[in-house]
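Notes follow the structure.
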């Protein structure tokens, strides 16, 4: 396979010194970036793609998905929401537990030519039958020794531990199981991702247990007793943000509210990452895609650069992918080319509110090494 020349790309998300004037990138047959500059000379046999009018960012990453297709009853085929949708890496958030992780590794992650990672569910069965069978309503569904062994054997794929800390899942186990999850994450030296929603436990009791680098997903949900009480932002949330707990959007079928997001962002409480929680029951609405979720966050107060960072450099740091902040030359290419279109688009949040989005993201191409995927 010959070299690839990307012409006239406007770079975004590659660090504070990123120059948005049209730039060329030459990618070698091995997939590594050879040169970056204006009006690069194309090798005679190079494939050339003109990206004039497009933005080029580090490859988008969806930090919260469910892609254990065929095992979890909510699992999506990963290719439906991967490179063809502008996404260069997927993170499955808890679909697999230690009892069924090998299937996830062998049949979901390994066969793909793009990265798929896992936040391993604290409950051993994972989301085999989500919403009908709880993965962790009894200590009989927890085996820390086997979970630690699973993590030790699969660190290239397992990048964290996941716990759904809401009353409808835990059914009485409560705050003590959050402490168990945090202790397990500390032992494994991995971040803990906490799903928050319906109490108990209460959000203000969960947050003080979390440490720098831990992730709160569904942070802008509109359910009772979330980020705000009748006095404003709860102090435990402010303290968690300030000490480096990472707040993730995790849109989902029931976990993103325009009003909550807009109110928090106006206070400077912006998300660390933008993710979808895409699964079989919400891909038809209200979530649809990472691009629509990004467009919603653009509409409620984030800047274009903040949205891009929240799907590119920041989640890359969580899963150990290159964020390209140190430069492009010599790095394996992993990019998303896209446009931001002025197309008034109605979009519904998880609370049933519809807003007319002024600008929407449109992915065009994904570059993975030397391979180019045209987005649908």
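The values are calculated or read from the model by the stated rules, or taken from the named source; none is laboratory data. On a predicted model such as this, the values are computed, not experimentally measured, just so you know. Counting neighbours? That spans all protein chains shown, and the Cβs are built from the backbone with ideal geometry, glycine included.
Taking residue 70, is it modelled with pLDDT of 95 or more and within 25 Å of residue 313 (Cα to Cα)? It is false that residue 70 is modelled with pLDDT of 95 or more and within 25 Å of residue 313 (Cα to Cα). Is it the case that some residue within the stretch 104-123 is surrounded by 23 or more Cβ atoms within 10 Å (Cβ to Cβ) and at pLDDT below 95? No; the residues of the stretch 104-123 include none that is surrounded by 23 or more Cβ atoms within 10 Å (Cβ to Cβ) and at pLDDT below 95.
Results for (1) without any contact (Cβ under 8 Å) to a residue 40 or more places away in the chain; (2) within 22 Å of the chain's Cα centre (by Cα); (3) surrounded by 15 or more Cβ atoms within 10 Å (Cβ to Cβ); (4) outside the structural domain of residue 310 (by TED's automatic domain parsing), shown as yes or no for each residue.
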residue: 20; (1), (2), (3), (4): yes, no, no, yes
residue: 47; (1), (2), (3), (4): no, no, yes, yes
residue: 71; (1), (2), (3), (4): no, yes, yes, no
residue: 87; (1), (2), (3), (4): no, yes, yes, no
residue: 90; (1), (2), (3), (4): yes, yes, yes, no
residue: 96; (1), (2), (3), (4): yes, yes, yes, no
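Would you mind telling me which numbered condition in (1) closer than 30 Å to residue 131 by Cβ; (2) touching a residue at least 24 places away in the same chain (Cβ under 8 Å); (3) touching a strand residue (DSSP E or B) at 6+ places or on another chain (Cβ under 8 Å) residue 354 fails? All conditions are met except number (2).
Restricting attention to the stretch 227-244, and to residues there that are crowded, with 20+ Cβ neighbours inside 10 Å and in contact with a helix residue (DSSP H, G or I) (Cβ under 7 Å, 6 or more places away or on another chain), which single residue is nearest to residue 277 (Cα to Cα)?
Narrowing the stretch 227-244 to residues crowded, with 20+ Cβ neighbours inside 10 Å: 227, 237, 240-241.
Restricting the remaining residues to those that are in contact with a helix residue (DSSP H, G or I) (Cβ under 7 Å, 6 or more places away or on another chain) gives 227, 237, 240.
Working: 227: 19, 237: 21, 240: 22 Å.
Across the stretch 227-244, the extreme among qualifying residues is 227.
Among residues of the stretch 228-245 that are assigned by TED's automatic domain parsing to the domain that holds residue 218, those with a beta-carbon under 8 Å from a residue that is in a strand (DSSP E or B) and at pLDDT 95 or above at least six positions away or on a different chain give the pairs 234/228; 240/216; 240/247; 241/247; 245/215; 245/216. Going residue by residue through the stretch 13-22, is there one that turns out to be outside any loop (DSSP other than H, G, I, E, B) and out of contact with any helix residue (DSSP H, G or I) (no Cβ under 6 Å at 6 or more places or on another chain)? No, the stretch 13-22 contains no residue that is outside any loop (DSSP other than H, G, I, E, B) and out of contact with any helix residue (DSSP H, G or I) (no Cβ under 6 Å at 6 or more places or on another chain). Candidates are the residues of the stretch 268-283 that are under 18 Å from residue 298 (Cβ atoms) and in contact (Cβ under 8 Å) with a residue 24 or more places away in the chain; the one that is farthest from the chain's Cα centre (by Cα) is 269.
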